[in-house]
Amino acid sequence: MLLALLALAPAGCGRTGSHAPGGGPAAGQQPEQAGPARALMSYAGRLRAEQAARVAAARRWGLRRVPLPAPAPPARKPHITTREGFEVDGQEELGLPPVLTTVPTRDKVVFLTIDDGAEKDPAFLRMMSDLKVPYTAFLSDFLIKEDYGYFKRMQAAGVTLNNHTLHHPYLPALSYARQKAEICGMQRVLEERYGRRPTVFRPPYGNYDRNTLRAAKSCGIRYAALWDEEVFVDHWDYREGDRDLHPGDIVLTHFRGRSEWKGTMPDMVRRFLNKVTAKGYAVARLEDYL
């Protein structure tokens, strides 16, 4: 690119003022770099600076390796259908939200999702911001209402706040009307507190029935997202028999701390990132694929 720009430069542009004592650079020097070349060098410099920041952040938070950057979001979103065996009667006929545990993609990515909102650890917010790791939160009002501001800061960092019902009940035990009140009620809280009604919902405990999906649809929900793996501070749980990660897997964890875990949320993130990075996976934004 730079050679091509030089070939198009006017003759003598590299010698301006060369015949007058002290009048410019000596003959034979290259002209000042043109705009496109400067922009290219500036972009390369930014990439080096960003990588250096990632390396420093990984070291600061005790990771074994630097997390891999996610690929660009897909130009065409994948077609999402309900996982086989997770259907309810009349799902397609009624146009009910698909139930997914993984996203169909060839990208070597996984999606981190965090449930409920009980623990509000400021170190977790700093860690995720430093590392620039995307994640999605599924919130229940009875756990977040003591500190809506914590999740407002999370949202300001680019995190999507999704629906996990008002009170985290076992939904199949409730009537359609009560399920709708739980889901639509949380939609209203999220809109009033955070300015938007989400389109993604996670039923508490991963349990749902036909009424759950009917109620969710009536509240504006388009997807019911479950999970394929769950990560804790000290171990992983797996849905699949191979006990491994797969492209597009949704990973579940919770807002928990030392009162319920043998460690902190940063400890959990460290375990999560060490494993997925070692396996060659990047962490992507779930919403980029839905």
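The values are calculated or read from the model by the stated rules, or taken from the named source; none is laboratory data. It should be emphasised that the depicted structure is a prediction, and the values quoted were computed from it without experimental measurement. All Cβ positions, glycine included, derive from the backbone under ideal geometry; neighbour counts span all protein chains shown. What goes into the accessible areas is simple: the full protein's heavy atoms, side chains included, and nothing from ligands, DNA or RNA. Shrake-Rupley method; radii C 1.70, N 1.55, O 1.52, S 1.80 Å.
Annotations for the structure displayed:
- Flag if D267 is on the phi < 0 side of the Ramachandran plot and in a helix (DSSP H, G or I): yes
- Within the stretch 52-70, restricting attention to residues that are in a helix (DSSP H, G or I), farther than 18 Å from P122 by Cα and of a type in the set (D, E, K, R), the residue that is nearest to the chain's Cα centre (by Cα) is R54.
- Criterion (over 27 Å from P122 (Cα atoms) and of a type in the set (D, E, K, R)) met by exactly one of R256, R243: R243
- So T105, is it open to solvent by less than 10 Å² (accessible area, probe 1.4 Å), of a type in the set (S, T, N, Q) and within 30 Å of E50 (Cβ to Cβ): no
- The stretch 184-236, residues that are touching an Asp or Glu at 6+ places or on another chain (Cβ under 7 Å), in contact (Cβ under 8 Å) with a residue 40 or more places away in the chain and among the β-branched types (V, I, T): V189
- Against the list (1) in contact (Cβ under 8 Å) with a residue 60 or more places away in the chain; (2) open to solvent by less than 10 Å² (accessible area, probe 1.4 Å), the condition L94 fails is (2).
- Count of the stretch 237-253 residues, restricted to those that are surrounded by fewer than 20 Cβ atoms within 10 Å (Cβ to Cβ) and either in contact (Cβ under 8 Å) with a residue 40 or more places away in the chain or farther than 24 Å from T82 by Cα (or both), is 3.
- Positions within the stretch 41-70 being surrounded by 13 or more Cβ atoms within 10 Å (Cβ to Cβ) and either in contact with a Leu (Cβ under 9 Å, 6 or more places away or on another chain) or in contact (Cβ under 8 Å) with a residue 24 or more places away in the chain (or both), in sequence order: R54, A57, A58, W61, L63, V66, P67, L68, P69, A70
- Annotation note: Cβ proximity below 9 Å between a residue of the stretch 141-158 that is over 20 Å from I183 (Cα atoms) and a residue that is among the β-branched types (V, I, T) (sequence gap 6+ or interchain) occurs for Y150/I144.
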